[in-house]
Amino acid sequence: MKIAIIGGGITGLVAGYRLLQIGHEVIIFEKEKELGGLLGSFKIEGKSLERVYHHIFRTDKYIINLIEELGLSKKLKWFNGSTAIYYDKKLYPFNGAVDLLKFKPLGMVNKLRLGLVKIYLEKEKKWQKFENVSACQWMKKWGGKRAYEIIWEPLLKGKFSDRYEDISMVWLWARIHTRGNSSEKGGEKLGYLTGGFGQITKEVGNRIKKMGGEIKLRSQISDVRSQLEDFDKVISSEQLKNIDYLGAVTVVFSSTQNLSKYYWHNINDVNSPFVAIIQHTNLVSKENYGGKHVYYLGTYLPQDHKYFKIDDKIIFKENFTYLKNIFPEFDKKQISEKKIFRFKTAQHIVKTNYQCQISNVKKDDKIINVNFANIYPEDRGINLAVREGEKVIDRLRLY
Ligand SMILES: Cc1cc2nc3c(=O)[nH]c(=O)nc-3n(C[C@H](O)[C@H](O)[C@H](O)COP(=O)(O)OP(=O)(O)OC[C@H]3O[C@@H](n4cnc5c(N)ncnc54)[C@H](O)[C@@H]3O)c2cc1C
């Protein structure tokens, strides 16, 4: 068959690669000037880095197998991640039961409830029972009001902005359940590909070209019927029409300053312009980046938020001013390189009864939809993006 793929993100690329392997003719159309989508990269301190922070888990078998197949296994390294929460002007370590016990903002009863709720969600496999209840309602009821206000509400607001009250408990269940089950003896390990995950997209892209596939960059498909009429099938990773999405913005910078001992910082303060600080070089050695520390300040925002329109300078100013509240020693003069990245389609809004919404997406005989909003009940990520790309083969057979 002659197959068109809309989108050169990891899903579209894997789909194209697998289809070529079984003898189909493939052309990939990517609207941007580079491949990668949300997994796209850039250069910082002369080295390739993701525009958006990325790591994987030991249980991410699809991406791990692909890394092996591409001959990149030796570069996949596993690290101990460390997490902290910034709440009420203080940074608290938040890595497990001991840290939870020491977490002052919550009383003993609330800590116990929080711990029990986490264990319950990690063990519970029947996600359908969380389908028609919002994460807010469920957590307030079972986790307690105080834990909801300090832990869950900031997390939901951080990820879903002003849509946080719509979010289904299935989404939160999936996060806690998957994460809890990715741990092993000696604690959870986070995986990173030395030299950047961009090597995956680059290698898959090269193999596609070697097998005779075509990749057309700067090629936006706005009308499948007229632009792709010559194709037998279309695999589309573009956003779905009846699903709402949020955008994401990351501020990335390198600096001589070592601000924190933690890798991941959840910023539980509604006044912060970012919801997470990732000190990337607390996972991967700074020696990979010329001895400089690399940071991400990340946030999810409505697609019409001012950050998608205003000048970079204002975003840097707002972000760096707030960062100084957390780390008073932060000195922007020590920054060596800085960049801002904006993604309009970064996260779909997983409302209650999301299954219904997904099944109501208009079906078309010619188009197979592989947008990440189809991934359910799990949360999207590069592992499942590979799975969705590979599943295209079975879906084609079923059509
Ligand atoms: C802030 C953030 C942090 C993340 N962290 C992690 C992490 O730590 N670990 C992890 O596993 N995952 C993480 N993810 C998720 C991961 O990046 C995504 O799940 C994955 O990259 C999605 O790949 P995709 O190909 O499905 O979609 P996308 O990357 O969105 O690719 C879709 C592509 O289609 C193109 N396109 C869309 N419409 C058209 C059109 N009409 N014509 C032509 N081209 C079009 C787009 O330009 C894009 O390149 C994170 C995501 C975000 C936003």
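Below is a table of values for the structure above.
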quantity	calculated
Options Leu100, Leu114, Leu91; residue that is outside any helix (DSSP H, G or I) and in contact with a helix residue (DSSP H, G or I) (Cβ under 8 Å, 6 or more places away or on another chain)	Leu91
Some residue of the stretch 328-339 being assigned to a strand (DSSP E or B), of a type in the set (A, V, I, L, M, F, W, C) and without any contact (Cβ under 8 Å) to a residue 60 or more places away in the chain	no
Some residue of the stretch 19-41 being of a type in the set (Phe, Trp, Tyr) and within 22 Å of Gly195 (Cα to Cα)	no
Residue under evaluation Glu214, criteria (1) surrounded by 21 or more Cβ atoms within 10 Å (Cβ to Cβ); (2) in the same structural domain as Arg18 (by TED's automatic domain parsing); (3) away from the ligand (no atom under 11 Å from the Cβ), criterion not met	(1)
Among the candidates Gln303, Gln357, Gln334, residue that is within 30 Å of Ala15 (Cβ to Cβ), among the polar types (S, T, N, Q) and either within 16 Å of the ligand (Cβ to nearest atom) or modelled with pLDDT of 95 or more (or both)	Gln303
Inter-residue pairs, beta-carbon under 7 Å, first under 24 Å from Ala174 (Cα atoms) and in the stretch 381-399, second more than 12 Å from the ligand (Cβ to nearest atom) and not in a helix (DSSP H, G or I), 6+ apart	Val392/Ile368
Residue within the stretch 28-43 that is aliphatic (A, V, I, L, M) and surrounded by fewer than 23 Cβ atoms within 10 Å (Cβ to Cβ) present	yes
Filter pass, Val249 being touching an Asp or Glu at 6+ places or on another chain (Cβ under 9 Å) and either within 21 Å of Gly36 (Cβ to Cβ) or assigned by TED's automatic domain parsing to the domain that holds Glu50 (or both)	no
Some residue of the stretch 309-327 being surrounded by 18 or more Cβ atoms within 10 Å (Cβ to Cβ), without any contact (Cβ under 8 Å) to a residue 40 or more places away in the chain and not in a helix (DSSP H, G or I)	no
Hits in the stretch 176-196 (condition: closer than 24 Å to Asn95 by Cβ, surrounded by 16 or more Cβ atoms within 10 Å (Cβ to Cβ) and not hydroxyl-bearing (Ser, Thr, Tyr))	Ile176, His177, Arg179, Glu188, Lys189, Leu190, Gly191, Leu193
Leading residue by the ranking (nearest to the ligand (Cβ to nearest atom)) among those in the stretch 361-374 that are surrounded by 21 or more Cβ atoms within 10 Å (Cβ to Cβ) and closer than 23 Å to Met169 by Cα	Phe372
Scope the stretch 306-315; condition over 22 Å from the mean Cα position of the chain (by Cα) and either within 16 Å of the ligand (Cβ to nearest atom) or within 18 Å of Ser254 (Cβ to Cβ) (or both); matching residues	Asp312
Any hit, the stretch 46-54, residues being more than 13 Å from the ligand (Cβ to nearest atom), without any contact (Cβ under 8 Å) to a residue 24 or more places away in the chain and surrounded by 14 or more Cβ atoms within 10 Å (Cβ to Cβ)	no
First in the stretch 134-153 and farther than 27 Å from Gln355 by Cα, second anywhere and in a helix (DSSP H, G or I), Cβ under 7 Å, 6 or more apart	Gly144/Asn110; Gly144/Arg113; Arg146/Asn110; Ala147/Asn110; Ala147/Arg113; Ala147/Leu114
Hits in the stretch 375-399 (condition: away from the ligand (no atom under 13 Å from the Cβ) and over 19 Å from the mean Cα position of the chain (by Cα))	Ile393, Asp394, Arg395, Leu396, Arg397, Leu398, Tyr399
Filter result for the condition that a residue is in the same structural domain as Leu228 (by TED's automatic domain parsing) and assigned to a helix (DSSP H, G or I), over Asp394, Asp379	Asp394
Condition met for Leu297 (modelled with pLDDT of 95 or more, hydrophobic (A, V, I, L, M, F, W, C), surrounded by 20 or more Cβ atoms within 10 Å (Cβ to Cβ) and within 16 Å of the ligand (Cβ to nearest atom))	yes
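To keep it simple, each residue is scored yes or no on (1) within 11 Å of the ligand (Cβ to nearest atom); (2) not in a helix (DSSP H, G or I).
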site: Asn242; (1), (2): no, yes
site: Gly247; (1), (2): yes, yes
site: Thr250; (1), (2): yes, yes
site: Leu259; (1), (2): no, yes
site: Tyr262; (1), (2): no, yes
site: Asn266; (1), (2): no, yes
site: Asp269; (1), (2): no, yes
site: Ile277; (1), (2): no, yes
site: Thr281; (1), (2): no, no
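The values are calculated or read from the model by the stated rules, or taken from the named source; none is laboratory data. Note that the coordinates shown come from a computational prediction; the quantities given were computed from them, not determined experimentally. With ideal geometry, Cβ positions are generated from the backbone for all residues, glycine too; neighbour counts draw on all protein chains shown.
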